[in-house]
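J.: Next up is a structure, given as structure tokens.
The values are calculated or read from the model by the stated rules, or taken from the named source; none is laboratory data. The shown structure was predicted, so the numbers you read here are calculated from the model rather than taken from an experiment. Backbone-built Cβ (ideal geometry, glycine too); neighbour counts: all protein chains shown. These accessible areas exclude ligands, DNA and RNA; they are computed on the full protein's heavy atoms, side chains included. Shrake-Rupley method; radii C 1.70, N 1.55, O 1.52, S 1.80 Å.
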Amino acid sequence: MSWAVEEWKEGLSPRVLQKIQELESQVDKLKKERQQRQFQLESLEAALQKQKQKVVENEKNEAATLKRENQSLMELCDNLEKAKQKISHDLQVKESQVNIQSGQLNSSKKDIERLEQEVKR
């Protein structure tokens with residue numbers, strides 16, 4: 001079949017044949033270059049897809065980690081709030097006890113003063 005492809009060149013001048021050969025050579029060179037660039041493009045696209053997948057995976061992992069950390073911090077805040085409320089309640093109870101004992105102390109001091117006055121009489 002290659003003889004049919006070459007048949008159209010019969011009867012052409014050597015200069016024209018040389019020019020045709022140069023052009024065919026250039027076409028072959030450009031085809032090879034195109035194939036190489038196509039391969040590079042496909043390789044780069046594959047690498048890009050792989051990189052995108054890594055980024056998505058990393059983002060999912062980071063989101064999950066942040067979600068767990070957030071949950072942990074919320075639990076810690078809840079525990080601290082409960083502890084604060086308990087301490088506040090305990091403080092109120094103790095202040096109440098101090099006030100009661102302070103009243104009892106004042107009452108006892110008055111009783112002592114009264115008794116001392118009676119003893120002096």
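J.: Is there a quick way to get the dipole size of the chain? I mean about its Cα centre, with the Cβ of Lys and Arg at +1 and of Asp and Glu at -1; what is the value in debye to the nearest 20?
T.: In debye, rounded to 20, the chain gives about 460.
J.: While we're here: In deg cm²/dmol and to the nearest 500, what is the mean residue ellipticity at 222 nm of the chain if only DSSP H runs of at least 4 residues count, each as -39500 (n - 2.57), divided by the residue total?
T.: -35000 deg cm²/dmol
J.: Against the longest principal axis of the chain, how steep is helix 14-120, in degrees 0 to 90 to the nearest 10, with axes from Cα atoms?
T.: That works out to roughly 0 degrees.
J.: Lys29: which lysines have alpha carbons under 25 Å from its alpha carbon, excluding same-chain residues fewer than 8 sequence positions away?
T.: Lys9, Lys19
J.: Summarise the accessible area of the chain (1.4 Å probe, protein heavy atoms) by the percent that is carbon and sulfur.
T.: Ligands and nucleic acids excluded, carbon and sulfur give 55 percent.
J.: Can you tell me the accessible area per residue over the range 12-88, all protein chains present, probe 1.4 angstrom, in square angstrom?
T.: 97
J.: I've got another one for you. Calculate the translational D of the chain in whole µm² s⁻¹ from Stokes-Einstein, where the hydrodynamic radius comes from the Kirkwood formula applied to all Cα pairs, the temperature is 25 °C and the viscosity 0.890 mPa s. Could the numbers behind the result be given before it?
T.: On the way: Rh = 25.3 Å.
It diffuses with D of about 97 µm²/s by this estimate.
J.: Say the cut-off is 32 Å between C-alpha atoms; which of Lys86/Lys110; Lys32/Lys52; Lys60/Lys86 go over it?
T.: Lys86/Lys110; Lys60/Lys86
J.: Lysines near Lys84 by alpha-carbon distance under 28 Å, same-chain residues fewer than 8 away left out - which ones?
T.: Output for Lys84: Lys67, Lys94.
J.: Of Val93, Val16, Val56, which has the largest mean-square fluctuation in a 10 Å C-alpha GNM of the chain?
T.: Val16
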